[in-house]
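Accompanying notes for the structure given below.
Taken together, the values in this text are just the output of simple stated rules run on the coordinates, not laboratory data. All figures in this text were calculated on a predicted structure; none of them were measured in a lab. No Cβ is skipped: glycine too gets one built from the backbone with ideal geometry, and neighbour counts run over all protein chains shown.
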Amino acid sequence: MIEARIHVTLKKSVLDPQGDTVRSGLASLGFSTVHDCRIGKFMVLRLNETDAKAAEATVNEMCRKLLANPVIEEYVFQINEVAG
Amino acid sequence: MKVGVLVFPGTWSHQDFAHVLEDVLGTGWGYVWHKETSVAGYDCLILPGGFAHGDYLRCGAIARFSPVMEAVIRFAKAGGPVLGSCNGFQILCEAGLLPGALLRNDSLQYRCRWVHLRAENVETPFTRTLRPGQILKMPISHGEGRYFASPELLAALNANGQIVFRYATPDGQIAAAANPNGALENIAGICSEGRNVVGLMPHPERAAEPLLGSEDGRPLFDAMLHAALPR
């Protein structure tokens, strides 16, 4: 079985007010080294698939069609083989 | 004239639209459940506000895959008039019928209040009754209404006259103070290249009779009633 771990975040060019608010919260706690904070989504999918290459192509298509909106978001993912 | 009001699980403004169509305008209408696969018999479609499919993943992202949306896309591609308000606007963007996307308000607050809009395009099936620059008072009620488009898309929208409404001061100034959500260039509503698909964040259905404090949503419905007739 294959597990896909997907991160979806707003593009750099898109304002992330939620991330900015968390950054200023960290700053007020004294974590003054935090220069930037972006908030996104983390998804874990398990696929009935054994071929990692095929899984990569499928997950790419899923991200493009539904899991991320290419107008505002970008995504990265890792594919790992896991025990079923 | 028969208007189809789409209903997804989580839609909440369909009864407000139904009330305006039935009791204020006295026109024919019907609900279209999201599992329907045809919109035959309707001259105009409305996608109301709410939280379709719980707005899971992103606003409108799952609604776009409801069976009815294929019929809505065919209807729109054939030139049929389609209006999306609030969550309906978000669904039309996710479905690719309107360009751009709607993001979380820059204030991070859910904003529920009156706004003023300036009419920028009066050549759509829903704005033909307006004068260019006319100011309309309507309510908004949303947490994710910040319109976003890439710089290239924004330039194209301006060049093509696809910006239909901008948030304005009561005297018509496009100012940051009048912008309730951080939308680029104060954009409150846009239309498709063909002009027949219009989306806006405000709620015309909640401003269509004097009792509610504004009748400024009414001209959009009056325009719609004539949209199916030859001009």
Exercise. How many angstrom lie between the C-alpha centres of segment A:1-27 and segment B:130-193?
Worked result: 26 Å
For this session: Set Lys and Arg Cβ to +1 and Asp and Glu Cβ to -1, take the dipole of chain B about its Cα centre, and tell me which of B:56, B:149, B:176 lies farthest positive.
Result: B:149
Exercise. Summing -39500 (n - 2.57) over the DSSP H runs of n ≥ 4 in the protein assembly as shown and dividing by its residue number, what mean residue ellipticity at 222 nm do you reach, to the nearest 500 deg cm²/dmol?
Worked result: -6000 deg cm²/dmol
Exercise. Based on the mean of other beta carbon atoms within 10 Å per residue, what is the order of A:8-16, B:14-22, most packed first?
Worked result: B:14-22, A:8-16
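When each pair of different Cα atoms in the protein assembly as shown is counted once in the 1/r mean, what is the Kirkwood radius in angstroms, to one decimal?
Numbers: mean 1/r = 0.0485 Å⁻¹.
After inverting the mean inverse Cα-Cα distance, the result is 20.6 Å.
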Exercise. What's the local net charge at residue B:48, with K and R +1, D and E -1, over the other residues with C-beta under 15 Å away?
Worked result: -3
Exercise. If we sort B:185-196, B:123-134 on the protection proxy, mean other Cβ atoms within 10 Å, highest first, what's the order?
Worked result: B:185-196, B:123-134
Problem set entry | For segment B:2-227, the fraction of alpha-carbon pairs in successive 5 Å shells from zero, as % | 1, 7, 16, 22, 22, 18, 10, 3, 0
Seminar exercise, completed: Within 10 Å of the Cβ of an average residue in A:62-70, the count of other chain Cβ atoms is 3
For this session: Order these peptides, B:160-166, B:2-8, A:64-70, by their mean beta-carbon neighbour count within 10 angstrom, highest first.
Result: B:2-8, B:160-166, A:64-70
